[in-house]
Amino acid sequence: MLERRIEEAALNSWPALQQVLFDGWVIRFANGYTKRANSVTPVYPSSLPVQDKIAFCEQHYREQQQPTIFRLPSFSDDAQVLDDLLGQREYRFADLTLVLSTLLPTKLTTNDTMLKPAFQAVPLDEWLSCYRSLNQANEELQAFHRAILQHIVPQTLFAVYYEQDTPVACGVGVLEHEIFGLFDIITHPAQRRKGYGTQLVSGMLNWASERGASRAYLQVVSTNQDARGLYAKFGFQENYHYWYRIQTTGG
């Protein structure tokens, strides 16, 4: 199943600091930095009673002093049952997110303007500095962000697009065998609609294709029309979607 293959790669590309595999569910902890790395994702079929499993997850997040968050992929056998049960337990719905992918060409041509390199690969520290300046990110959270990026096992690309020696866009790419994930793609707010994001993504896709990737994927919040428009230029289409249910009481 393509959806599950993409999901596995995405989990590997944004690793938690601690992780438990429990009857087909992946339970992840990363000091609360990002919902993706601090949530329960039902990836595989399960056999234990769902109510008991919810209680098990709530106990572990309570011990971590974090709210329990479920991330529900549309392809999961448990997604709809879980969504109904969590709604009854007053978990709030949040952030419908689309998972898009596109096939990459096996052979590039020099006149393929959508896939010309247009970035610099930089060390993690330099990339984090650029990301913070472009995103106006909270410095207190940078240590958690760094920890996640340092724990990525597959080959990782930290890409920055410079305009006259000034960083205007950046992103992370993770290559796992045949599949390439795009993460943290951002352009400086004052530099948007100038084609920098397009050039950055095209260069990153070229980098991946040259290293054997046949498919690229990414995750985008459904309401982010600007990002969806950018990725549509490269043929990205929805494979599945996911949403969150976030605990609002003590469980």
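The values are calculated or read from the model by the stated rules, or taken from the named source; none is laboratory data. Keep in mind it's a predicted model, so treat the numbers as computed, not measured. All Cβ positions, glycine included, derive from the backbone under ideal geometry; neighbour counts span all protein chains shown.
Overview of values
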quantity	calculated
Sole residue being modelled with pLDDT under 95 and aliphatic (A, V, I, L, M), chosen from Val81, Val99	Val81
Scan of segment 87-102 for residues that are in a strand (DSSP E or B) and more than 16 Å from the chain's Cα centre (by Cα), ordered by number	Arg92, Phe93
Residue check for Ala137: of a type in the set (Gly, Ala, Ser), under 18 Å from Thr187 (Cα atoms), over 21 Å from the mean Cα position of the chain (by Cα) and at pLDDT below 90	no
Long-range neighbours under 8 Å by Cβ, at least six apart or interchain, first residue among the aliphatic types (A, V, I, L, M) within segment 130-143, second in a helix (DSSP H, G or I)	Ala137/Tyr131; Ala137/His145
Complete set of residues in segment 167-178 that are part of a strand (DSSP E or B) and closer than 27 Å to Asn239 by Cβ	Ala169, Cys170, Gly171, Val172, Gly173, Val174, Leu175, Glu176
Residue in segment 103-125 that is modelled with the highest pLDDT, counting only those that are among the β-branched types (Val, Ile, Thr) and assigned to a loop (DSSP other than H, G, I, E, B)	Val122
Output for segment 210-226, where each listed residue is modelled with pLDDT under 95 and buried (at least 18 other Cβ atoms within 10 Å of the Cβ)	none
Considering residues of segment 144-166 that are out of contact with any Phe, Trp or Tyr (no Cβ under 9 Å at 6 or more places or on another chain) and assigned to a helix (DSSP H, G or I) only, the residue surrounded by the most Cβ atoms within 10 Å (Cβ to Cβ)	Arg146
Within segment 1-80, strands (runs of 3 or more DSSP E) holding 1 or more residues that are closer than 22 Å to Val221 by Cβ and in contact with a helix residue (DSSP H, G or I) (Cβ under 7 Å, 6 or more places away or on another chain)	25-29, 40-42, 69-73
Candidate set: segment 60-90, residues that are more than 16 Å from Leu21 (Cα to Cα) and hydrophobic (A, V, I, L, M, F, W, C); chosen: the one surrounded by the fewest Cβ atoms within 10 Å (Cβ to Cβ)	Val81
